[in-house]
Every structure is written in C-alpha cells, then in structure tokens.
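The values are calculated or read from the model by the stated rules, or taken from the named source; none is laboratory data. Treat the numbers as computed from the prediction; the structure is a model and nothing was measured. Every residue, glycine among them, receives a Cβ derived from its backbone with ideal geometry; neighbour counts consider all protein chains shown. The protein model used for the area step is the full one, side chains on, heavy atoms only, and it has no ligands, DNA or RNA in it. Shrake-Rupley method; radii C 1.70, N 1.55, O 1.52, S 1.80 Å.
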Amino acid sequence: MNSSNEAVGLLAIALHPAFESTGELFVSYTGFGGTLATSRVARVLTRDGGGTFDPASETLLLEVNQVSSEHVNTDLRFGPDGMLYIGFGDGGPQGDPTGRAQDTYSHKGKILRIDVDGGSPFAIPRDNPFADGGGAPEVWALGLRNPWRFSFDRETGELWAGDVGGDRAEEIDRIVAGGNYGWNVREGTRCSGHVPCRTGGLIEPLVAIPHPIVSSVTFGLAYRGSALTGLTGHLIYGDFASGGIWELDPAEGHPRMLNNHGHPVVSFAEDAAGEPLLVDYRGSLWRLVPGPTGVEDVPSLLSATGCFQRGGQPAPGLISYDVNVEFWSDGGTKRRWFAIPDGTKIRVEDSGHFSLPIGSVVAKEFSVGRARVETRLLVRHQDGDWAGYTYRWDANQSDATLVPSTVTRLVTTSPRWYFPHRGECLRCHQSAAGHTLGLERAQLDRRVNHVDQLAMFDRIGLLEAAPPAGRALPAGGAATLDERARAWLHANCAYCHRPGATGQGEMDLRFTTPLAEMNVCNVVPRFGDLGHVGAMRIAPGDLDRSILFRRIRASGFARMPPLGTLGHDPKGLALIGDWIRSLKSCR
C-alpha cells in the first residue's frame, strides 16, 4: 500500500479453497506504477507450493476503469459456497454524485460473486440476483460506499462487511443476496442529501457508528475462537483513524472498545484456532489476547492515579509546561504537566518532537470559569503504545471520575462540554505528530514566568541532549499575519494533516511548510466542494471558494477540526479569514 493513498498497489489476496492442488492465488490491485486508470482482479499460479508465484501465469478476471483515486478495489474472500466474493468501492469522488453504487449495471459500490471453477475465466452462479438480467450478472449486493474489508462467519456462513462512511457514520452490515445498503441515498441511517431520499427496499445497517467515535471502519470478523471469554459470535472490527479495536454483539448492537491500539488498522485475519490477528498501516502483525476482565484498566478516580491529589493539586514529580499556540477547546482554560520515570530522560527527535520514555504521563486540565471540568491523561504503557483517559470533575470539585470505555459520547449542558471517547484521543495524538503534540520544540520554545522553558528542562536533566535549532511558533507580538495564521493551522490541524498522518487530502499544514508546498493553494478539494463552484482548498483572496476556511466555519459533520470541540474558535476563524483575504498568490 502506498503511504498516501489507499488505492495504489496490491489491495487484497485470496487463496483458492483447494490451493494445495490448484496452486491458484487471486489478487486485487490497481495498475502498475501508481496508475489509477484501472482496477484489476486476476488469477496467478505457483509452481513451487507457494514459495513464489509466476507473473507470466496471470489471467485477468475483471478490469474496472477508475476516474478517481478513492474507493476502488476493496477485498477478496472465498465463501463457504466456494464462490469468490469481490468488493469495489463507489469510485469517488466524495459523495458518489453519479450514483454508481445504486446502478445495478455498474461494478462500483458493490460486492460481486463469481464462480472461478465453472468457466473461463469464470462463470456466473445461477443464483446471483442479476444472473438473468436487470443488472451486471456478477453483482451480489449493492449500495455500498467503500466495503474496505468483509468476512464470513466460519460457523454460520454469514457475510459481514464494514462500509466506510463519508462525513457522518460508519456501518457494519450483514450482506445478503440482492441487498441494497443505501449509499448514495443515505449514509448510515440518515439521508445523504445527494439525491432524493427514497428508502424503500433499503437494508438497515446492523449498526451505524457516528463520527467521530469511529471514522474509518476496518472490518473485522465474527469471533469463533476460545481465548477471548464472552466474545463468541461477537463482531470484532477496528478504526483506521484512531487504531481503536471494537466489538459488538449482533443481537444487541452496542459497540464496546476492546483496546486503544493506536496504530491505523488496515486488515484482520484469523489463525487456525479462530483467534484474531490484525495488520496495521506500518505492516506490523498483532494478536488479540485476553486482558483484564470485569474492571477498568485504570483507576476510576483521578486521585487514585497518583498523578493528582484530591482537589486537583498535582503530585510531586509532575512538571508544568506551557505552549506557544493553543488548540481551541471551546474557550476553556488549560494547565499542563508531564512526568517521566525516575532515571530516564527525554529524547528530542530531529523533528523537534519530545519522545517520552515508557511509563511517562502527560496531563491536561480544562476549566470553564473558575471550575475544573475535565482532566485528561495520556499514558505511555509498557508495550510502548500511548493511550488516553478522560476524567470528569465532580460538582463539588473534590475529585474527578473516569469516563468509562463503554461510553461512546458524553456531552454536558452546564457547562456545555464534550468529553472525548478513548478512541478519539489517538486520532489527534498520532505517531506522525509525536503523540504528545504540545511537547515539541516549536511549541515549548518560550519563556514561562521569565524563565526559558527549554533551557530549564535541559538544566534539570530531563533531556538526553539539547533540542535542535529551529523556529518557534509565534505567540503573538511582532509576528506577521502569515506567521500567526500558519501557527494556528499547525496547532489545530497539522496533527492530522502532515506526511504520514491520517488526515485526508495529503495536505501538510505544519508551520515550517511553505504555502506553495502545503498542497492547499489553488488545489481542487478531493473530498467535496460544499456546494461551491470553482472551490479550492485555498483560493487566494477569495473566502467563498476557500474550502479550508469554510470547513473551519462549518457546522456538523463538515467542520474541521472534526472532534474535541463543540463550537467554533472565533479568533481563529477571523485570523484564517484575514490571512486568506490577504493572499495574492500561492507564494
């Protein structure tokens, strides 16, 4: 897989059920050299028992022309009936405006079913829904946006798919012959707004998971192993955006997070015993194993964590810090601390990010007025991964209580405040952005209480070596409009929109990236124009056509940043508006 595009290269493989005798491997890929002109499904042969496969043996089964880099080939699976099931996304661009997913004669937005043993290069099964007309004979199910991964329950034979949503929701669907799953008429259980919302005959998803709880679903399997007690028959799936791993009982339909994995999940598999394996975006293979049962994995009270005393006083060893440019948090004021284990030091990467050792904790306290509302802990566990936990302050301000992992969305009215789910924490705190976000040279290079903060960290022995030279984010003062605007984008957007991160569109909004290299100026947006003719990500001098500004100003699912807040940053919005109006060109 190409690091910046889901649609490039080899996307799925499936061994023939009788592979030992046939030597047949089926592959789904896009054109060579990164070309997105075609999607292909083909058969190749091994002549040495699977040690190698002969490229000259390739037989093309299907070829589909593509007009976009979005939502092309998805998955390949042989069913218990011996048929090969093939997934195709709607082909994009954002929104499927042509309605290909509803066009029964198109392969796009479908799951196909063919008989690879019944003809050359394949045969149409007689019980396919359109075998006798009314649509492409290969089509098995339609109305899907991007069924990135699907699988069969090894016990019941049921076919389950995760359909990646757009702005609103992710779906888990039970796929049946001739089933229409609604895209582009609706997304999840809500009308999409792209076409008239005629829902007659559409199949409801088993569950529609709202954004931003899960933002890019990766299915997944029906669990039939024995090691994970209580999960037999439950569906297990992941979130590419956060790395969270989830399960749900099909009979109940209530998702529950199993693990804050933290690495983008791209695929699942089962071993011979039916135990789950998963692959992350880096190509690492992980196994799910039993964890603590019946209890939370962290204390239920903030005072029991050892980080804070009752009443919120930070424990000895917590080191306070401040940043140059804050992420907008609905007007709340913040205090920040970190702690590292005794005898350890912080490594400062060439990028300026602080790499904290295993066992470290980063804490942030949010207050509205004079009352504490929330304290968040970001913890680096013994496996090296980070996980986030949020504590809600009690009305009497004596302690804060852990928001359980089973709570998927918590919003209070007085004050109006959004408490993030654990899976959302790692959507921002990504590895590409250094995990801790604020602990980077550009943010920490400042004076706090008349003391040089970075020099103080070095002087008290926290750092392995002095930080590399570089530019600090401007905290105001004599900074230019351009510097202040790009510093705001760095703090509020660049944790996702930078190389190697999960933000869509391949933008690089870091402060150190020149405007001409951000991939925003006079660039046509890939993921919708919000109804504006001639829209660009940034159109110099023109706010109406600048989608970056319109997404910051938008409400609902189109708004960026998409999580962590309930309202707009009025000063930030004015700043970005003034900046775009001031631009005369892309340089």
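Taking only the range 133-186 into account, find how many residues are among the polar types (S, T, N, Q) and part of a loop (DSSP other than H, G, I, E, B). Spell out the reasoning first.
Keep residues of the range 133-186 that are among the polar types (S, T, N, Q), which gives 146, 151, 156, 180, 184.
Still in the list and also part of a loop (DSSP other than H, G, I, E, B): 146, 156, 184.
Final tally of qualifying residues: 3.
How about the range 319-338: which of its residues are over 28 Å from the mean Cα position of the chain (by Cα) and surrounded by 18 or more Cβ atoms within 10 Å (Cβ to Cβ)?
Tyr321
Do we find a residue being open to solvent by 30 Å² or more (accessible area, probe 1.4 Å), within 27 Å of Gly91 (Cα to Cα) and out of contact with any Gly (no Cβ under 9 Å at 6 or more places or on another chain) anywhere in the range 568-580?
no
For the range 339-363, enumerate the residues that are buried (at least 18 other Cβ atoms within 10 Å of the Cβ), in contact (Cβ under 8 Å) with a residue 40 or more places away in the chain and in a strand (DSSP E or B).
Residues satisfying the conditions are Ile346, Val348, His353, Phe354, Val361, Val362, Ala363.
Any idea which of Leu444, Leu426, Leu489, Leu481 is modelled with pLDDT under 90 and out of contact with any Cys (no Cβ under 8 Å at 6 or more places or on another chain)?
On the way: Leu444 fails: modelled with pLDDT under 90; Leu489 fails: modelled with pLDDT under 90; Leu481 fails: modelled with pLDDT under 90.
None of the others qualify; the one that does is Leu426.
Specify the residue that is nearest to Phe354 (Cα to Cα); the eligible residues are those in the range 466-488 that are open to solvent by 60 Å² or more (accessible area, probe 1.4 Å) and among the aliphatic types (A, V, I, L, M).
Of all residues in the range 466-488, those open to solvent by 60 Å² or more (accessible area, probe 1.4 Å) come to 466, 469, 471, 475, 477-478, 480, 484.
Now drop any that are not among the aliphatic types (A, V, I, L, M), which leaves 466, 469, 475, 478.
On the way: Ala466: 11, Ala469: 14, Ala475: 20, Ala478: 27 Å.
Restricting to residues being open to solvent by 60 Å² or more (accessible area, probe 1.4 Å) and among the aliphatic types (A, V, I, L, M), the top hit is Ala466.
Please indicate, with yes or no, whether at least one residue in the range 77-99 is within 11 Å of Leu144 (Cβ to Cβ), of a type in the set (Lys, Arg) and touching a strand residue (DSSP E or B) at 6+ places or on another chain (Cβ under 6 Å).
No: zero hits.
Checking Pro404 against (1) of a type outside the set (S, T, N, Q); (2) touching a residue at least 60 places away in the same chain (Cβ under 8 Å); (3) open to solvent by 20 Å² or more (accessible area, probe 1.4 Å); (4) part of a strand (DSSP E or B), only one condition comes out false. Which one?
Unmet for Pro404, out of (1) of a type outside the set (S, T, N, Q); (2) touching a residue at least 60 places away in the same chain (Cβ under 8 Å); (3) open to solvent by 20 Å² or more (accessible area, probe 1.4 Å); (4) part of a strand (DSSP E or B): (4).
Looking at the range 22-51, which of its residues are modelled with pLDDT under 95 and not in a strand (DSSP E or B)?
Gly31, Phe32, Gly33, Gly34, Thr35, Leu36, Ala37, Arg47, Asp48, Gly49, Gly50, Gly51
Are any residues in the range 126-184 more than 27 Å from the chain's Cα centre (by Cα), of a type in the set (Asp, Glu) and surrounded by fewer than 17 Cβ atoms within 10 Å (Cβ to Cβ), and if so, which ones?
Asp127, Asp132, Glu155
Can you name every residue in the range 204-219 that is touching a strand residue (DSSP E or B) at 6+ places or on another chain (Cβ under 6 Å) and farther than 10 Å from Val265 by Cα?
Answer for the range 204-219, where residues must be touching a strand residue (DSSP E or B) at 6+ places or on another chain (Cβ under 6 Å) and farther than 10 Å from Val265 by Cα: Pro205, Leu206, Val207, Ala208, Ile209, Pro210, Val214.
If I ask for residues that are outside any strand (DSSP E or B) and over 21 Å from Arg380 (Cβ atoms), which ones from the range 262-271 would you list?
Residue satisfying the conditions is Asp271 alone.
Does Tyr237 fit the bill of being in contact with a strand residue (DSSP E or B) (Cβ under 9 Å, 6 or more places away or on another chain), more than 29 Å from Leu378 (Cβ to Cβ), among the aromatic types (Phe, Trp, Tyr) and surrounded by 22 or more Cβ atoms within 10 Å (Cβ to Cβ)?
On the way: in contact with a strand residue (DSSP E or B) (Cβ under 9 Å, 6 or more places away or on another chain): yes; more than 29 Å from Leu378 (Cβ to Cβ): no; among the aromatic types (Phe, Trp, Tyr): yes; surrounded by 22 or more Cβ atoms within 10 Å (Cβ to Cβ): yes.
Answer is no for this residue.
Mind telling me which of the residues Ala487, Ala469, Ala475, Ala479 ends up being closer than 27 Å to His263 by Cα and small (Gly, Ala, Ser)?
Working: Ala469 fails: closer than 27 Å to His263 by Cα; Ala475 fails: closer than 27 Å to His263 by Cα; Ala479 fails: closer than 27 Å to His263 by Cα.
Every option except Ala487 fails the conditions.
Would you check which residues across the range 187-210 are open to solvent by 30 Å² or more (accessible area, probe 1.4 Å) and within 30 Å of Asn260 (Cβ to Cβ) and list them?
Correct list: Thr189, Arg190, Glu204, Leu206, Ala208, Pro210.
Yes or no, residue by residue, for (1) at pLDDT below 90; (2) closer than 30 Å to Arg77 by Cα; (3) in contact with a strand residue (DSSP E or B) (Cβ under 7 Å, 6 or more places away or on another chain):
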| residue | (1), (2), (3) |
| --- | --- |
| Ala269 | no, yes, yes |
| Gly274 | no, yes, no |
| Leu278 | no, yes, yes |
| Val325 | no, no, no |
| Thr333 | no, no, yes |
| Asp350 | no, no, no |
| Glu365 | no, no, yes |
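Tally time: how many residues in the range 367-401 are charged (D, E, K, R), at pLDDT 95 or above and assigned to a loop (DSSP other than H, G, I, E, B)?
Final tally of qualifying residues: 2.
Being assigned to a loop (DSSP other than H, G, I, E, B) and touching a residue at least 12 places away in the same chain (Cβ under 8 Å) is the filter here, so list the residues in the range 272-289 that pass it.
Ala273, Gly274, Glu275, Tyr281, Arg282, Ser284, Leu288, Val289
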